[in-house]
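J.: Before anything else, here's the structure in question.
The values are calculated or read from the model by the stated rules, or taken from the named source; none is laboratory data. The shown structure was predicted, so the numbers you read here are calculated from the model rather than taken from an experiment. Cβ placement follows ideal geometry from the backbone for every residue including glycine, while neighbour counts extend to all protein chains displayed. Just the protein is used for accessible areas: all its heavy atoms, side chains included, with ligands, DNA and RNA removed. Shrake-Rupley method; radii C 1.70, N 1.55, O 1.52, S 1.80 Å.
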Amino acid sequence: MPQPSSARLSLRGLLLPLLALALAACGDGAVSAQEASESGLSARKGALAPVRVRLMAANISSGNNQSYDPGHGTRIFQGTKPDIVMIQEFNFGSNSASDIRSFVDTAFGPNFHYYRETGAQIPNGVISRYPILEAGEWTDSQVGNRDFAWARIDIPGPKDLWVVSVHLLTRSAGVRNTEANQLVDYIKGKVPAGDYLSIGGDFNSDSRSEALFSTFSSLVSTASPYPADKNNNVNTNANRNKPYDHVLVSNNLRAFQTPTVIGGSTFAGGLVLDTRVYSPISEISPAQSGDSGSTNMQHMAIIKDFLIEDDGSTPVPSGRVTVVSPNGGESWTVGSSRAITWTSSDVTNVKLEYTADGSTWNVIAASTPASAGSYTWTVPDTVTTTAKVRVSDAGSATVSDTSDAVFAITATTPPPDSSTPISQETESNGTPATANGRVAANKDVSGAISSLTDVDWFKFVVTSAGPVKVKLSMPDMDNLDWYVYTAEDTVLFTARGYSASNPEVGTFTAEAPGTYYVKVVGYAGAMSPYVLNVSGVGVQP
């Protein structure tokens, strides 16, 4: 626990002798000041007990796809048991809601909550043992494949904890300071000054003298002592010579920092977790000694522990619900029958609601069995591009989840496209507005990524909702990727094929009729000719 203030110490010094005398007068034996002190502390702990909260910053994906699929990072999470993680490169499986939920369940537990930013190639996110009251993302103007993910968390005690998961750009210290200034402005506009705050993640900082630390110091403490490994090395990149990763907290939370204790090991300023030097490795089982040295794991996890005084005012709900669909990006037509789906645990019945404007909530079903996991909804006559669905425990509104992003409710089905199908790419088609089209069902279209900056866009039409298959074939083993977008949103992708496979094949569900776009790009500068094929019963011939 944190040390009491000098004023409290003085008062304690006056009261303890009086308490000892009073207790002695009431009994046959004398009571020492020490016994009185222990009695007072016991009573205090009964009313206000300390709870250890472990924060972690983790960019510990591995393998070739900037994801947690290989399992090295998962074992590190399991072995260190963090309560709240500011995670980077938050990819797993197909990145569907069920796959991400599966990863969180395996790495942390089924009662953990999470937020993952949408539409990012390497998204940031937050994973928490405690309820996430609200969450979102702020735009990082310096990079296009991730933003700043934030969450407000109901930790024990009277104050909420706001955490921000960041992944700053490697380009230069100046760019990183621009990102830091932008983030400080976001935080000052959103986070109450009296609440706790943590900024954590991959800063890509070459040294602790970078300007970004001075910028962040207006909100969080950047002072030593710093987390370190078993060898007292405070650096966090793969080569262990640069301080890339950080957990920075506000001064009011820093006052509660306590040594990180794992098994028989104690780390006074927190832990840089490098399995290659951690000993005994059994303390962080099932993590293995080689996990931190796995292919493309370029960062070490950072851990800091805090003792928060719990007044019992914020009990952690035992149940959990997670919205699966609609979870953002869909386009559902007025009057159509759509399945609202969810997962749940320790919940008997759920309440279903929707909003068209983000503020007014309308009841879909006041109570329906949680175990069903699905409810057929007739989409109302409310045309909007900002709809969301909320699923909550019918008996406890504190257990709830909302669509991660907005979806659209559209009025009519668009007519078929009368344009002639194409078979060959034509430049310039580097934007959605200049996309080549139309790509007809199961008709090959030839093209080429011919430079490091070349991007090719195509459009196709879906006349009825259903599965759509996208296939991208390269003549050699070149690595090209594809992304699919809806006409309503050409920024956040609906589906993607981004593995090292050739052909690059994937299937997604077109939620509504309309125009869709395919973007073809080279991975890490790859250039190659290709053949694009889009098929599905709902794709216009």
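J.: Give me the strands (runs of 3 or more DSSP E) completely within the stretch 351-469, filtered to those with at least 2 residues that are open to solvent by less than 80 Å² (accessible area, probe 1.4 Å) and touching a residue at least 40 places away in the same chain (Cβ under 8 Å), ordered by residue number.
T.: On the way: elements: 361-369, 374-378, 384-393, 396-402, 407-410, 445-449, 456-462.
Per the criteria, 384-393, 396-402, 407-410, 445-449, 456-462.
J.: Next up: Just give me the residues in the stretch 505-532 being among the polar types (S, T, N, Q) and closer than 13 Å to Val484 by Cβ, in sequence order.
T.: Correct list: Thr507, Thr509, Thr515.
J.: Among (1) open to solvent by less than 30 Å² (accessible area, probe 1.4 Å); (2) at pLDDT 95 or above; (3) at negative phi, where does Thr314 come up short?
T.: So Thr314 meets the others, but not (2).
J.: From Asp274, Asp229, Asp245, grab the single residue that is within 20 Å of Met86 (Cα to Cα), among the acidic types (Asp, Glu) and out of contact with any strand residue (DSSP E or B) (no Cβ under 6 Å at 6 or more places or on another chain).
T.: The unique qualifying residue is Asp274.
J.: I've got another one for you. Of all residues in the stretch 114-151, count the ones that are more than 15 Å from Phe77 (Cα to Cα), in contact (Cβ under 8 Å) with a residue 24 or more places away in the chain and either of a type outside the set (S, T, N, Q) or in contact with a strand residue (DSSP E or B) (Cβ under 6 Å, 6 or more places away or on another chain) (or both).
T.: Residues in the stretch 114-151 being more than 15 Å from Phe77 (Cα to Cα), in contact (Cβ under 8 Å) with a residue 24 or more places away in the chain and either of a type outside the set (S, T, N, Q) or in contact with a strand residue (DSSP E or B) (Cβ under 6 Å, 6 or more places away or on another chain) (or both): 20 in total.
For (1) at pLDDT 95 or above; (2) surrounded by fewer than 19 Cβ atoms within 10 Å (Cβ to Cβ); (3) assigned to a strand (DSSP E or B), each residue gets a yes or a no:
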| residue | (1), (2), (3) |
| --- | --- |
| Trp482 | yes, no, yes |
| Ala500 | no, yes, no |
| Val520 | yes, no, yes |
| Val531 | yes, yes, yes |
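J.: Quick one: what pairs do we get from the stretch 494-519, first residue free of Cβ contacts under 8 Å to residues at least 40 places away in the same chain, second open to solvent by 40 Å² or more (accessible area, probe 1.4 Å) and in a strand (DSSP E or B), C-beta under 6 Å, 6+ apart or different chains?
T.: Taking only residues 6 or more apart or on different chains, the pairs are Pro503/Lys471; Val505/Lys471.
J.: Filter the stretch 178-229 down to the residues that are assigned to a helix (DSSP H, G or I) and among the charged types (D, E, K, R), then identify the one that is most open to solvent (accessible area, probe 1.4 Å). Lay out the reasoning, then the answer.
T.: Taking the stretch 178-229 and keeping what is assigned to a helix (DSSP H, G or I), we get 178-190, 211-216.
Restricting the remaining residues to those that are among the charged types (D, E, K, R) gives 179, 185, 188, 190.
Working: Glu179: 1, Asp185: 107, Lys188: 127, Lys190: 80 Å².
For the stretch 178-229, the residue satisfying everything is Lys188.
J.: Test Gly270 against the criterion of being in contact with a Pro (Cβ under 8 Å, 6 or more places away or on another chain) and in contact (Cβ under 8 Å) with a residue 24 or more places away in the chain, and give yes or no.
T.: The answer is yes for Gly270.
J.: Hey, another quick one. Pull up the stretch 51-65, narrow it to residues that are modelled with pLDDT under 95 and assigned to a loop (DSSP other than H, G, I, E, B), then point me to the one that is surrounded by the fewest Cβ atoms within 10 Å (Cβ to Cβ).
T.: Per the stated criteria, the residue is Asn64.
J.: Of the residues Val277, Val261, Val234, which single one is open to solvent by 10 Å² or more (accessible area, probe 1.4 Å), touching a Pro at 6+ places or on another chain (Cβ under 8 Å) and either assigned to a helix (DSSP H, G or I) or of a type in the set (A, V, I, L, M) (or both)?
T.: Val234
J.: Ok, one more. Please state which of the following conditions Arg75 fails to meet, knowing it meets all the rest: (1) crowded, with 22+ Cβ neighbours inside 10 Å; (2) more than 25 Å from Val249 (Cβ to Cβ).
T.: Only one criterion in (1) crowded, with 22+ Cβ neighbours inside 10 Å; (2) more than 25 Å from Val249 (Cβ to Cβ) is unmet by Arg75, namely (1).
J.: Here is a follow-up. Identify all residues within the stretch 87-111 that are open to solvent by 10 Å² or more (accessible area, probe 1.4 Å), outside any helix (DSSP H, G or I) and on the phi < 0 side of the Ramachandran plot; write none if there are none.
T.: If the condition is that a residue be open to solvent by 10 Å² or more (accessible area, probe 1.4 Å), outside any helix (DSSP H, G or I) and on the phi < 0 side of the Ramachandran plot, then Phe92, Ser94, Ser96, Phe108, Pro110, Asn111 are the ones that fit.
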